[in-house]
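Novice: Please read through the structure below; I'll follow up with questions.
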């Protein structure tokens with residue numbers, strides 16, 4: 001097993017980033033006024049945060065459970081790493097390169113038409129109305145855009161932590177086998 005300090009530091013960062021992902025995702029869900037129009041991306045983001053938090057707890061438990069110090073622990077980290085990659089890329093792709101701080105008319109139009117940002121839409125008399133597209137709610141579009149970008153960024157940060165944790169576990173596993181301790 002790698003140094004307990006290294007393991008706890010990596011798993012602590014993983015847990016912290018996971019909690020941030022869950023919190024941002026729940027905030028975005030709560031800001032979605034018209035629930036039937038809610039993007040599945042938000043639910044997947046909560047799943048990514050929850051599974052990453054569970055992985056952090058398993059990583060901490062690996063300090064005491066030998067079975068998690070093997071290829072099983074590495075496999076769990078890699079699986080959660082792939083899930084975080086999928087979540088981060090999904091949000092980045094759905095944002096379509098929107099500049100959250102832009103006041104440009106075309107950028108604002110992209111924001112208004114983006115399901116992650118507009119708060120949900122409904123149709124009435126052949127006219128589509130979206131929660132955050134009225135003039136007085138322009139700052140909400142910017143805020144939701146930044147929250148989505150942060151959500152994606154924290155998934156990528158979790159990915160980096162998981163890559164480090166899997167590498168440390170794998171190297172320790174090879175070192176232990178080489179010394180004949182298994």
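Novice: Anything in region 19-67 that is part of a helix (DSSP H, G or I), closer than 17 Å to residue 166 by Cα and touching a helix residue (DSSP H, G or I) at 6+ places or on another chain (Cβ under 9 Å)? List them, or say none. Step through it out loud before you land on a result.
Specialist: Our first condition is that a residue be part of a helix (DSSP H, G or I); within region 19-67, this holds for 19-30, 35-37, 40-61, 66-67.
With the extra rule that they be closer than 17 Å to residue 166 by Cα, the set shrinks to 51-61, 66-67.
Of everything in region 19-67, those that are part of a helix (DSSP H, G or I), closer than 17 Å to residue 166 by Cα and touching a helix residue (DSSP H, G or I) at 6+ places or on another chain (Cβ under 9 Å) turn out to be 51, 52, 53, 54, 55, 56, 57, 58, 59, 60, 61, 67.
Novice: Residue check: is residue 84 touching a helix residue (DSSP H, G or I) at 6+ places or on another chain (Cβ under 6 Å) and either part of a helix (DSSP H, G or I) or at pLDDT below 95 (or both)?
Specialist: So residue 84 fits the description; yes.
Novice: Now a separate question. Among the residues that make up region 139-150, is at least one of them loosely packed, with under 15 Cβ neighbours inside 10 Å and without any contact (Cβ under 8 Å) to a residue 24 or more places away in the chain?
Specialist: yes
Novice: Moving on. If I ask for residues that are at pLDDT 80 or above and in a loop (DSSP other than H, G, I, E, B), which ones from region 122-144 would you list?
Specialist: Correct list: 125, 126.
Novice: Restricting attention to region 146-155, does a residue exist that is over 13 Å from the mean Cα position of the chain (by Cα) and under 24 Å from residue 13 (Cα atoms)?
Specialist: Yes, there is a match, as at least one residue in region 146-155 is over 13 Å from the mean Cα position of the chain (by Cα) and under 24 Å from residue 13 (Cα atoms).
The values are calculated or read from the model by the stated rules, or taken from the named source; none is laboratory data. Computed from a predicted structure; not experimentally measured. Positions of Cβ are backbone-derived with ideal geometry, glycine not excepted, and every protein chain shown enters the neighbour counts.
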